[in-house]
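Data first, discussion second: the structure below is written as structure tokens.
Here, each number is a calculation from the coordinates, and none is a lab measurement. Everything numeric here is computed off the predicted structure, so don't read it as measured data. Cβ: placed from backbone, ideal geometry, glycine included. Neighbour counts: every protein chain shown.
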Ligand code: URA
């Protein structure tokens, strides 16, 4: 279709929409993502009350996640197990499974929350604005996801591998389903130290929320020292919190150097 808009006007209108929070381009025709999903969500047993069915499906979903995760003996196998796992409805609305980035075996592993729009598109964690800030923060303590030496590298993943619709917070049952995979992910990546970015990550790894209270204090998650820290997306909205984030990063650096 011919447009009456010139290029500059069209671009500034698009930028304005992004500024206002638009996160999806609506195409000419509707897309039914449930039809695009490789396998339909599993149907619960027929003869039970809706509450019983939900509970049964949740228990089953967590148990199946545990069995699938335990059976994975490599990161590739874990990725395959996640992509075959069909209990989490988030997968039906996502474009890509976002598994990880960086160097497996790096001494520092970062656990974020969930992919956003850019991560969903590219299939990699932390590649949007928050991810760019994260890369700068890591560079400030001499770490990068592209580094080859384990002591200079990082390995990055999220609690959820699929983008929640409209970036909503994950539901407790979605976190519960993903927890066995996260636990196995940490075991296979073998970091020395964990960095827990934001509330969802603390909820999954520590079963605690309240990041502004938790941040800056070493905790233990999956048998490893874990530092809760404010999420880079929060730091973009609240730049005054960067000062504390810097202190947390220095504590991580010291721990990696054996001084913390
Ligand atoms: N926020 C996250 O927690 N993870 C990502 O991958 C991107 C943004």
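Output the residues belonging to the stretch 115-133 that are touching a helix residue (DSSP H, G or I) at 6+ places or on another chain (Cβ under 8 Å) and over 21 Å from residue 94 (Cβ atoms). 133 - this is the single residue of the stretch 115-133 that is touching a helix residue (DSSP H, G or I) at 6+ places or on another chain (Cβ under 8 Å) and over 21 Å from residue 94 (Cβ atoms). Considered as a group, the residues in the stretch 102-119 that are under 22 Å from residue 199 (Cα atoms) and surrounded by fewer than 24 Cβ atoms within 10 Å (Cβ to Cβ) include one that is farthest from the ligand (Cβ to nearest atom), and that residue is 117.
Tell me which residues, restricted to the stretch 209-260, are within 15 Å of the ligand (Cβ to nearest atom) and not in a loop (DSSP other than H, G, I, E, B). Matches in the stretch 209-260: 211, 228, 229, 232, 233, 234, 235, 236, 237, 245.
Residues in the stretch 130-143 that are more than 9 Å from the ligand (Cβ to nearest atom), over 16 Å from residue 256 (Cα atoms) and out of contact with any strand residue (DSSP E or B) (no Cβ under 8 Å at 6 or more places or on another chain): 132, 133, 136. Could we say that residue 178 is within 11 Å of the chain's Cα centre (by Cα) and away from the ligand (no atom under 12 Å from the Cβ) here? Judged against the criteria, residue 178 is a match. Restricting attention to the stretch 144-158, the residues that are under 11 Å from residue 104 (Cα atoms), assigned to a strand (DSSP E or B) and either within 16 Å of the ligand (Cβ to nearest atom) or touching a helix residue (DSSP H, G or I) at 6+ places or on another chain (Cβ under 9 Å) (or both) total 4.
Of the residues screened, residue 123 is one that is within 13 Å of the ligand (Cβ to nearest atom) and in contact (Cβ under 8 Å) with a residue 12 or more places away in the chain.
Flag set for residue 129, criterion: under 26 Å from residue 242 (Cα atoms), surrounded by fewer than 19 Cβ atoms within 10 Å (Cβ to Cβ) and in contact (Cβ under 8 Å) with a residue 40 or more places away in the chain. Evaluated against (1) touching a residue at least 24 places away in the same chain (Cβ under 8 Å); (2) over 18 Å from residue 70 (Cα atoms); (3) part of a helix (DSSP H, G or I), residue 162 falls short on exactly one condition, (3). Any residue in the stretch 175-190 that is assigned to a loop (DSSP other than H, G, I, E, B) and in contact with a helix residue (DSSP H, G or I) (Cβ under 7 Å, 6 or more places away or on another chain)? The answer is no, given that none of the residues of the stretch 175-190 is assigned to a loop (DSSP other than H, G, I, E, B) and in contact with a helix residue (DSSP H, G or I) (Cβ under 7 Å, 6 or more places away or on another chain).
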